[in-house]
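All remarks here apply to the structure that follows.
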Amino acid sequence: MITISAKSKKRIGRVAPFIIKSLIGLLFISPLIIAVFFSLQVEDELTMPPLHLFTKNPYFSNFLEVFQKVPFFTYLKNSLIVCVGAITIQIIVASLAAYGFVFFNFKFKKVFFALVVSAMSIPGEVVVITNYVTIQNLGLYNTYLGLMITSFVGSTSIFMMRQYYMTLPKDYKEAAELDGCGNLRFLLKIATPLSVPTITSLAMYLFVHIYNAFFWPVLVTGSMDKRTVQVGISFLVSGDVVRYSQILASAIVAILPTVILFIFGQDYIINGMTKGGIKG
Amino acid sequence: MSGLALRRMKGQNVGYLFILPAIALLLLFTYYPFIRAIVLSFALTNKRGNFSKWVGFANWVRVLKKAEFWKVVGITLKMAAINLTFTFSIAMIFGLMATKKVKFSKFYQTLYALPMAIATSPAAAIFLFIYSKHNGVLNNLLGTEVAWLLNQKTALWSVCAMTIWQHVGSCFIFLLVCFRNVPDELLESAYLDGAGPLRRIKDIIIPLASPQIFFVLFMSINSSFKTFNQIKLLTGGGPANATKNLIYYIYENAIIHGRFETACVQALFLFVMIFILTRIQFLCEKRFVHYQ
């Protein structure tokens, strides 16, 4: 008798904290839970008090109506073009720079690296207005290139790639040189394949950031056909006709890509976030 | 021998080519616009934001003399303080709660971090529904009929609540990673010495993780000043400028009113403000942080 109760006591001691911690977590994400439940209700249910979280007959057509009313696929296509383009180029630029900083000794190397690091202390928000002027002067307003170009470089990604390359043994490079392997071939065939985990983390982290960007895309897009998902949704939100059922449904659709990526790629994203800043 | 050395020297200069794209882009989109903002703050601009003529300190004097500007600065500081305090405290609590890895701990770890993956537009869509005066979720729960976003007293806190909700996640992740870096043996021996969970947090985890905690604090100060999307989507700076912070003011001046020189002065003011605060923080770090 006594042994059993001791055992179950121990079990409660383990299960109770888990349940409490999980309930706090669910409470924390309750806005998302609310959005999911109410996106399945008819507009009348949402306007007639009181609200009920559960509905007898869930109405899935809100989602269909969103796709009919709003050019959601255009927005999604634009977001994907911007994300893929910006992430690819940022990673290439960062790999090249990191390679230069790690494997070469040239004059003013420290000065150039200081330039990369100090860029972090100039917040993007401080330069956003003058960048907007630059984009207009370059004739890139309302173009994909204009949407992407400020994300082509990131101090954090240079930093992260540099930290990875520093762990590569210098012998690799020397051996490759003796075999007559040029720099680009070394970077492409040896350094890059070895850094795939770092690149994956970086790419996922950047995806969440760039897909979710709002300030810059809202400044540099002028027409519907260039709007990203975030800009498109914001127009729905600030529109004249407020139909919460559809707004909630569109919000759910818009957050799906990043939420799914976050749930399954969490470890990579955490890696990507913390490697650049915290020396682990 | 010397021939090889020479070839090596030349080979080293190839390094410039590798860093060239990154440096060129940084110069073009970080340093050039920053210097340009300084230049334009002493000039008049045309409608497209390009230089038209020098005016000396006139812009600075005009901006700094305006009462509205100081009200905006006050709101910026208030918002930053609220965001920082709550984001950091909640993230600390979540971080300490999730430090110990157990079976399924990943479940609540994911829940605490998840809102960081939600962009502001959809988040605003959801919070507009929650805050709605007519049959909104919050009013239903409280049995009230408050227009949370249109009321002078509640608008600022409502905007902050959503901002905090979105920011806790990344702050939590950083803290979690550094709490988990604290060596297990130390915690184990403290436990055997009879230190309770609070003692272990106060005397071991926090001191050992303090360099990283300061780093997270530095990041949070930075981001707490930069609320823009939330304001743009929830209140548009209203009611009666109650939620207008510096970044929103900059946006309004440049993009809506086309007064780029005014916006540049304000942007530089924001830069100086963040710069001074982070310097102060670095000074504190030297005094309080425990390095191993």
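Each Lys and Arg contributes +1 and each Asp and Glu -1, all at the Cβ; summed about the Cα centre of the protein assembly as shown, the dipole is approximately 1060 debye. Sorted ascending by nearby beta carbons within 10 Å, beginning with the fewest, A:171, A:225 become A:171, A:225.
Setting aside same-chain residues fewer than 8 positions from residue A:56, which lysines have a Cα under 29 Å from its Cα? The qualifying lysines are A:69, B:133. Using the Stokes-Einstein relation with a Kirkwood hydrodynamic radius computed over Cα pairs, the translational diffusion coefficient of chain B at 20 °C and a viscosity of 1.002 mPa s comes to 94 µm²/s. For chain A, take the longest principal axis of its alpha carbons; what is the angle in degrees between that and the long axis of helix A:109-118, to the nearest 10 within 0 to 90? That works out to roughly 20 degrees.
Dividing the summed -39500 (n - 2.57) terms of all DSSP H runs of n ≥ 4 by the residue count of chain A sets its mean residue ellipticity at 222 nm at -23000 deg cm²/dmol.
Pairs from the table (A:21/B:101; A:110/A:173; A:77/B:226; B:47/B:232) lying more than 20 angstrom apart at Cα are A:110/A:173; A:77/B:226; B:47/B:232. For the stretch B:183-195, putting each phi into the Karplus relation 6.51 cos²θ - 1.76 cosθ + 1.60 with θ = phi - 60° gives couplings of x, 4, 4, 5, 5, 4, 5, 5, 4, 5, 7, x, 7 Hz, in residue order, rounded to whole numbers and with x for Gly and Pro. The calculated Kirkwood hydrodynamic radius for the stretch A:2-62 is 14.6 Å, given to one decimal from all distinct C-alpha pairs. Please report the projected area of the stretch B:237-282's Cα convex hull averaged over all directions, in nm². For the Cα atoms of the stretch B:237-282, the hull's average projected area reads 3.5 nm². Residues B:167, B:134 in ascending order of nearby Cβ atoms (within 10 Å, fewest first): B:134, B:167.
The loop-placed trypsin sites (Lys or Arg not before Pro) in the stretch A:1-90, going by DSSP, that have at most 14 neighbouring Cβ atoms within 10 Å of their Cβ come out as A:56. Adding -39500 (n - 2.57) for every DSSP H run of four residues or longer, then dividing by how many residues chain B holds, sets the calculated 222 nm ellipticity at -21500 deg cm²/dmol. Here the Karplus relation 6.51 cos²θ - 1.76 cosθ + 1.60, evaluated at θ = phi - 60°, turns the backbone of the stretch B:215-225 into coupling constants of 4, 5, 4, 4, 5, 5, 4, 3, 7, 5, 7 Hz, with x for every Gly and Pro. Output the 0 to 90 degree angle, nearest 10, between the alpha-carbon long axis of helix A:124-137 and the longest principal axis computed from the alpha carbons of chain A. Approximately 80 degrees, to the nearest 10.
Could you tell me whether the protein assembly as shown comes out rounded, prolate or oblate from its Cα gyration tensor? Rule is a ≥ b ≥ c as square roots of the eigenvalues, rounded for a/c under 1.5, then prolate if a/b exceeds b/c, otherwise oblate. Oblate. Any idea which of A:90, A:106, A:46 is furthest toward the positive side of the dipole for the protein assembly as shown, if Lys and Arg beta-carbons carry +1 and Asp and Glu beta-carbons -1? So the residue furthest toward the plus end is A:106.
To the nearest ten degrees, helix A:244-277 and the longest principal axis of the Cα atoms of chain A are 40 degrees apart. Note that the stretch A:162-168 has calculated 3J(HN,Hα) couplings of 4, 4, 5, 4, 5, 7, 6 Hz, one per residue in order, obtained from phi through the Karplus relation 6.51 cos²θ - 1.76 cosθ + 1.60 (θ = phi - 60°); glycine and proline are x. Say the dipole of chain B comes from +1 at the beta carbon of Lys and Arg and -1 at that of Asp and Glu; which of B:43, B:149, B:278 then lies farthest toward its positive end? Farthest along the dipole direction, towards plus: B:43. As a proxy for reagent exposure, A:234, B:89 were ordered by neighbouring Cβ count within 10 angstrom, fewest first; the result is B:89, A:234.
When every Cα-Cα distance of chain A is counted in 5 angstrom steps from zero, the calculated P(r) takes the values 1, 5, 9, 11, 12, 12, 11, 10, 8, 7, 5, 4, 2, 1, 1, 0, 0 percent.
Rule-based calculations on the coordinates, nothing more; no lab input. Keep in mind it's a predicted model, so treat the numbers as computed, not measured. Counting neighbours? That spans all protein chains shown, and the Cβs are built from the backbone with ideal geometry, glycine included.
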